[in-house]
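Read through the structure below, which is laid out as structure tokens, and then see the notes.
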Amino acid sequence: MATPPQALRFVHFTDTHIMAGGTWRPRTAGFDFDTAASLRRVVAAVAALDPPPAFAVLGGDLASPDLLRHAPAATADEYEPSYRLLREILAPLPCPAYYVMGNHDHRVALARAFGLRGSALDAPRHESFDHGDYHFVTLDSQKAGSVSGLLAESELAWLETDLAAHRDRPTIVFVHHHPWPLGIRWLDALMLENGEALTAGLLRHPQVSWLICGHVHLDQMLQRQHLTVLTTPSTCIRFSKLSQDMALLPGPPAFRIVDLLGSTLSTRVVHLQGAELI
């Protein structure tokens, strides 16, 4: 008799933009936003989930001290206080966490603050892991000095090898930048530059049905053949879904719940509006 599939829950939250020493005041918006306070609300909501998640995936743009001064914060020393603050905020999570690199992140500072290991601290950070009946892959789409993203040829080759070795497991992939246009002009100028190369690689593997992204600070679903792309809103500032030009909104914070059972994936975005979860 076949063993029945086991239910698995995880959460995805992204674009936390933690910045030690101040609040985020976007140049194009007339408000200040405390990204640490909004993330604390998200972490508290995740900690209260029933059933609790098996793990969390943080989808990139985790720390952003560069946004405090509207200029690049180029050194690991400048980033480390923000990552240490992030680590403190995440401490109440009821589960382990995995970290995806975004365009605002600093590989060396993240590795130092969280004790992450790798062949070189400044090398692209990708990894894969199994949980229950499922396989998960995180990719690093950071392109130095750019807001848009790019996957190195070596990373695409690594991904092909990893997926080929896990053909028997349903697989979910995570990357910061969206690979396909959303239909929002300014965001689609800042997407994954070789998104079609990633797509071609994923479509060669029918066990991969889902790709989950951050970067765009809003929720959207896109479909191509057997592959569905989901984007998750930020835990802090939201981007307008209605404007073709950059328009920023002060939240609400949000995160994504994903429930898996066999070949079925159920997902929803939880918005923290005032004292309510909607």
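Can you spot a residue in segment 49-62 that is in contact with a helix residue (DSSP H, G or I) (Cβ under 9 Å, 6 or more places away or on another chain), part of a helix (DSSP H, G or I) and more than 18 Å from T232 (Cβ to Cβ)?
Our first condition is that a residue be in contact with a helix residue (DSSP H, G or I) (Cβ under 9 Å, 6 or more places away or on another chain); within segment 49-62, this holds for 52-53, 56, 58, 62.
Cutting the leftovers down to part of a helix (DSSP H, G or I) gives us none.
No; the residues of segment 49-62 include none that is in contact with a helix residue (DSSP H, G or I) (Cβ under 9 Å, 6 or more places away or on another chain), part of a helix (DSSP H, G or I) and more than 18 Å from T232 (Cβ to Cβ).
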query = Could you count how many residues in segment 248-277 are within 19 Å of D15 (Cβ to Cβ) and assigned to a loop (DSSP other than H, G, I, E, B)?
reply = 4
query = If you scan segment 148-181, which residues turn out to be closer than 23 Å to D219 by Cβ and over 17 Å from the mean Cα position of the chain (by Cα)?
reply = P170, P181
task = May I ask you to verify whether S266 is at pLDDT 95 or above, more than 24 Å from E153 (Cβ to Cβ) and buried (at least 16 other Cβ atoms within 10 Å of the Cβ)?
result = no
key: Test set (1) more than 19 Å from P233 (Cα to Cα); (2) crowded, with 18+ Cβ neighbours inside 10 Å; (3) not aromatic (F, W, Y) - E127 fails condition number   = (2)
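Name every residue in segment 227-255 that is within 16 Å of F136 (Cα to Cα) and under 17 Å from the mean Cα position of the chain (by Cα), in order of residue number.
First, the residues of segment 227-255 that are within 16 Å of F136 (Cα to Cα): 227-230.
Correct list: T228, V229, L230.
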task = Would you mind telling me which numbered condition in (1) buried (at least 20 other Cβ atoms within 10 Å of the Cβ); (2) touching a residue at least 40 places away in the same chain (Cβ under 8 Å); (3) not in a strand (DSSP E or B) D245 fails?
result = (1)
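Among what's in segment 24-40 and is buried (at least 18 other Cβ atoms within 10 Å of the Cβ) and under 18 Å from the mean Cα position of the chain (by Cα), pick the residue that is farthest from C95 (Cα to Cα). Spell out the reasoning first.
As a first pass, look at segment 24-40 and keep what is buried (at least 18 other Cβ atoms within 10 Å of the Cβ): 24, 33, 35-36, 38-39.
Checking which are under 18 Å from the mean Cα position of the chain (by Cα) leaves us with 35-36, 38-39.
Details: T35: 22, A36: 20, S38: 19, L39: 16 Å.
Looking at the filtered set, the residue picked out is T35.
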inquiry  = Tally up the residues in segment 188-239 that are within 17 Å of V100 (Cβ to Cβ) and aliphatic (A, V, I, L, M), please.
reply    = 11
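Mind checking whether some residue in segment 26-44 is closer than 17 Å to A113 by Cα and not β-branched (V, I, T)? Spell out how you get there, then give the answer.
As a first pass, look at segment 26-44 and keep what is closer than 17 Å to A113 by Cα: 36.
Keeping just the survivors that are not β-branched (V, I, T) gives 36.
Checked against the condition, which is being closer than 17 Å to A113 by Cα and not β-branched (V, I, T), segment 26-44 yields at least one hit.
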inquiry  = Going by what's in this entry, would V229 be described as touching a helix residue (DSSP H, G or I) at 6+ places or on another chain (Cβ under 7 Å), at negative phi and at pLDDT 95 or above?
reply    = no
request  = Could you please find all residues in segment 103-137 being over 24 Å from R9 (Cα atoms) and touching a residue at least 60 places away in the same chain (Cβ under 8 Å)?
outcome  = N103, H104
message = Pull out all pairs, ordered by first then second residue, where Cβ-Cβ is under 6 Å, the residues are six or more apart or on different chains, the first lies in segment 28-51 and is in contact (Cβ under 8 Å) with a residue 12 or more places away in the chain, and the second is loosely packed, with under 13 Cβ neighbours inside 10 Å and of a type outside the set (S, T, N, Q).
response = V43/P92; A47/P92
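Among the residues of segment 242-261, write down those that are over 13 Å from A45 (Cβ atoms), touching an Asp or Glu at 6+ places or on another chain (Cβ under 9 Å) and modelled with pLDDT of 95 or more. Explain how you work it out, then say what you get.
Quick first cut of segment 242-261, residues over 13 Å from A45 (Cβ atoms) only: 242-251, 258-261.
When the remaining residues are screened for being touching an Asp or Glu at 6+ places or on another chain (Cβ under 9 Å), the result is 250, 260.
Scanning segment 242-261 gives a single hit, L260.
The values are calculated or read from the model by the stated rules, or taken from the named source; none is laboratory data. In this text, all values refer to a predicted model and were calculated from it rather than measured experimentally. With ideal geometry, Cβ positions are generated from the backbone for all residues, glycine too; neighbour counts draw on all protein chains shown.
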